[in-house]
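Participant: Sharing a structure with you now.
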Amino acid sequence: MNDTYDIRGSELHIEVHKFRAGAIILATAFALVLQAFLPIYFPKAAILDLPLLIVIYFGLSRRNPSTGLLLGMVIGILQDSLSGPTVPLGLYGIAKTLIGYLASSIGARLDTEHPAARFALTIAFFAVHQGIIALTSRLLLSQPEPWFTMHLGIAALVNAVVAVFLFMILDRLRKPS
Amino acid sequence: MVGIPSRHKSLFLLGGVVLLQVLLLAVQIKRDSQGRLIRVWTVGAVSPFERAGAHGISHIRDTWNHYFALQNTSRENEELKRENGALKLQITQLQSKANEADRLAALLKFRQTNVDVPMVSARVIGGSADSASLTIYLDRGERDGIRRNMGVITPDGVVGKVIESYKDTAQVLLLTDKASGVGAMLVSSRVQKPVGGTGEALLSLKYISNEEDVNPGEHLVTSGTDRIFPPDLPVGTIADVKPGNTFKQIRVRPAANLERLEEVFVLLTMKPLEMKKDSAEPNSAPPPAGAPSSASTNPASPEKP
């Protein structure tokens, strides 16, 4: 099996990356544990959404919408499970499923290896993720979840910055081409 | 089976996964007033079809019952018509019996009110065979003590008098016959004049001069001077008054319904009787104070020569 292969759409050549065995599972578990663990000692760390960053990264890298959405669904459901009784199963699941699909679809069309592109895309995906959660909460849970606040804006920036460095670390899990 | 293009497979997968999670959410979310969201959605999704189905089935059943399943309707219609006819006949018979019961109750009441007056009840069994005379036949005769010139009355008023008495039958000349008459008295003025038949439905009050004041609606009772009827039996009501050459032409509507006689009483004595008055009888009102008590032209016998 090739470590990498190209998607040839028109004149564009985009590389599809493979990862070491268990890399996705380990990264997901690490992100979920850290997401649950960090805010206990560093309350401000609650601003991070590490599972979202994992979904975005693997979606952009794998560039397969089916894999991306399934990964987003699994991570989202797991995050719901860890979020306590106030968050019903499926709330983050739906949001991360859509983010996984969007990230994979965009990753298949754009070169997302550049840190600036990753920064911008993370901000965009964070906003979309928040919009989906707000929409779901309003429609299904009848909860007045805000569409956007300053806190959410700062969170988007922080997560984008963290994403740039996190994605670099995760790049090391790729199989060498 | 229709295949899904490969480029759309992920889209279908996305839709399926999102839908699955929405359902998962719906199962968990419970709204206070309506229960779990999945139940609300399910009921909301199914009930229109149930409603449409119920309406459709009802419509089909109505159509079938009203347009196609009519093979027995004609027969049922005939049976219902027959039943309807029989019920109508039954109702008529019951109404007739009820009317008869009312009449008999009135007769009984009248008889009980005048228990001291010798009289016998009789049923009308026939009428006159010709149109020239107005007579009826009773189912009682000499065996029951009925004799000629006995008065015949109903609780409403005077009917006529017996003109022939046979063993078990009696013939009665009605008050409306041209040959019939009765001594009468105007209740209001106490003026006594004879009332005779005209051969028609109305009677005639005779010998009232044009100067006398008589108005329609006044009541007439028997005066008792004809020695057939006791005094104060209702005779009739003034129907209309017209001036004549010497006397007024006054027509009187009989108190008794002489066209529909079924049961009557025959007074078994020709002596004047003092009958007990029914308190509800309007014709038996006492005369006004100072009313004249003229006794002129009282017929010795109501029968005309």
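Participant: Tell me yes or no: at least one residue of the stretch B:165-182 is touching a Pro at 6+ places or on another chain (Cβ under 8 Å) and either assigned to a strand (DSSP E or B) or on the phi > 0 side of the Ramachandran plot (or both). Write out each step before concluding.
Facilitator: Taking the stretch B:165-182 as the starting set, the residues that turn out to be touching a Pro at 6+ places or on another chain (Cβ under 8 Å) are B:175-176, B:180-182.
Next, only the ones that are either assigned to a strand (DSSP E or B) or on the phi > 0 side of the Ramachandran plot (or both) stay: B:181-182.
For the stretch B:165-182, residues touching a Pro at 6+ places or on another chain (Cβ under 8 Å) and either assigned to a strand (DSSP E or B) or on the phi > 0 side of the Ramachandran plot (or both): present.
Participant: Only one of (1) more than 30 Å from the chain's Cα centre (by Cα); (2) part of a strand (DSSP E or B) fails for B:Ala239. Which number is that?
Facilitator: (1)
Participant: Something else now. Give the residue that is surrounded by the fewest Cβ atoms within 10 Å (Cβ to Cβ), with candidates limited to residues of the stretch B:148-164 that are in contact (Cβ under 8 Å) with a residue 24 or more places away in the chain and not in a strand (DSSP E or B).
Facilitator: Out of the qualifying residues, it is B:Asn149.
Participant: When the residues of the stretch A:32-49 are narrowed to those that are touching a residue at least 24 places away in the same chain (Cβ under 8 Å) and within 18 Å of A:Ile77 (Cβ to Cβ), which ends up surrounded by the fewest Cβ atoms within 10 Å (Cβ to Cβ)? Quick ask: steps written out before the conclusion?
Facilitator: At the first step, the residues of the stretch A:32-49 found to be touching a residue at least 24 places away in the same chain (Cβ under 8 Å) are A:32, A:35-36, A:47-49.
With within 18 Å of A:Ile77 (Cβ to Cβ) added as a condition, the list becomes A:32, A:35-36, A:49.
Numbers: A:Leu32: 18, A:Gln35: 22, A:Ala36: 14, A:Asp49: 26.
Result: A:Ala36.
Participant: Can you tell me which of B:Lys97, B:Lys88, B:Lys30 is outside the structural domain of B:Arg260 (by TED's automatic domain parsing), modelled with pLDDT under 85 and surrounded by 10 or more Cβ atoms within 10 Å (Cβ to Cβ)?
Facilitator: Working: B:Lys97 fails: modelled with pLDDT under 85; B:Lys88 fails: modelled with pLDDT under 85.
Every option except B:Lys30 fails the conditions.
Yes/no per residue for (1) acidic (Asp, Glu); (2) out of contact with any Phe, Trp or Tyr (no Cβ under 9 Å at 6 or more places or on another chain); (3) within 14 Å of chain B (Cβ to nearest Cβ); (4) in contact (Cβ under 8 Å) with a residue 40 or more places away in the chain:
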{"position": "A:Gly72", "(1), (2), (3), (4)": "no, no, yes, no"}
{"position": "A:Pro85", "(1), (2), (3), (4)": "no, yes, yes, no"}
{"position": "A:Gly107", "(1), (2), (3), (4)": "no, yes, yes, yes"}
{"position": "A:Ala116", "(1), (2), (3), (4)": "no, yes, no, no"}
{"position": "A:Ile123", "(1), (2), (3), (4)": "no, yes, no, no"}
{"position": "A:Leu135", "(1), (2), (3), (4)": "no, no, yes, no"}
{"position": "A:Ala155", "(1), (2), (3), (4)": "no, no, no, yes"}
{"position": "A:Phe167", "(1), (2), (3), (4)": "no, no, no, yes"}
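The values are calculated or read from the model by the stated rules, or taken from the named source; none is laboratory data. Here the structure is a predicted model, which is why all the values come from computation and not from measurement. No Cβ is skipped: glycine too gets one built from the backbone with ideal geometry, and neighbour counts run over all protein chains shown.
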